[in-house]
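Notes to accompany the following structure.
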Amino acid sequence: MRTKLFAIFPSALFHRAVEFETPDGSMIAWQKEDVEAAIDCMQNNNVAILGGHVFKKADDEFYFTGIEWNISRDELDWDSFVQKSVRVSLAFIERNQNQLDEGYYYVLDFADEEELQVRNWLPKHFPEVLINSAYSLNSIGIAGVVWMYEDVIKAIYSYTNKQYIILGGDVYRKEDDHFIPTPDGWYYNPKYNIWREDVENSRNKAIEYIESYHTRNGDSYGYSLVVRSPKE
């Protein structure tokens, strides 16, 4: 989840949330009255709820109860998906309120449209920090994502550590929050004799190109990647 989304919550509501650690990372949770207010904020800011999880607090520790819900988009337009996610989440909370006392907390999975586009494009193994730093290119009619200089280097290593080949990439000029295509880019032609050699060679070529481009042109450019997974 992009931390910028926390700004949609009034400070008083956000400070009533509790934060705790789980094996899956840090969680932000509210009790029933506050989670309903949080859902209202999401609806007002056109943020969709992807699902949620119920935790029990006991002896200052939080335990997952196994109670959760998930919401699928089903090809709905974004506004309709947001409204559906609100209805389903509130109905789930109401159905379960009688069996859940004040020791229970709700964790919500939520995203704006750009984040969901990014998550749908990237592999499931991708580090959360790189998901959060990626920008969707959907607004300019391109299916893909772009990273700025430091993050694209990390993305290259994340891909190649999972044995993806970097087939090439394109360069985009960043203007405010928009990306403008440039004619610049690079490609790598795999040999396919030894897969791991193609992985290493494609990584080296991508990093060499981006490092050189960044040195010559500065920080105002983002980079997309074209990759091939080992399953293809």
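Below, the figures for the structure above:
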| quantity | calculated |
| --- | --- |
| Qualifying position, being within 11 Å of the chain's Cα centre (by Cα), touching a residue at least 60 places away in the same chain (Cβ under 8 Å) and surrounded by 14 or more Cβ atoms within 10 Å (Cβ to Cβ), among Phe110, Phe126 | Phe110 |
| Lone qualifier among Phe81, Phe126 - being hydrophobic (A, V, I, L, M, F, W, C), assigned by TED's automatic domain parsing to the domain that holds Val18 and under 30 Å from Pro181 (Cβ atoms) | Phe81 |
| Given (1) in a loop (DSSP other than H, G, I, E, B); (2) at pLDDT 90 or above, number of the condition Met1 does not satisfy | (2) |
| Evaluation of Ser26 against (1) within 22 Å of Asn132 (Cβ to Cβ); (2) at pLDDT 90 or above (one fails), failing number | (2) |
| Helices (runs of 4 or more DSSP H) completely within the range 110-200 that count 1 or more residues being of a type in the set (Gly, Ala, Ser) and more than 30 Å from Asn44 (Cβ to Cβ) | 149-161 |
| All positions within the range 52-63 that are in a strand (DSSP E or B) and farther than 17 Å from Phe6 by Cα | His53, Val54, Phe55, Lys56, Lys57, Ala58, Glu61, Phe62, Tyr63 |
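The values are calculated or read from the model by the stated rules, or taken from the named source; none is laboratory data. Computed from a predicted model, the values in this text were never measured in an experiment. Methodologically, a virtual Cβ is constructed for each residue, glycine included, from the backbone with ideal geometry; neighbour enumeration extends over all protein chains shown.
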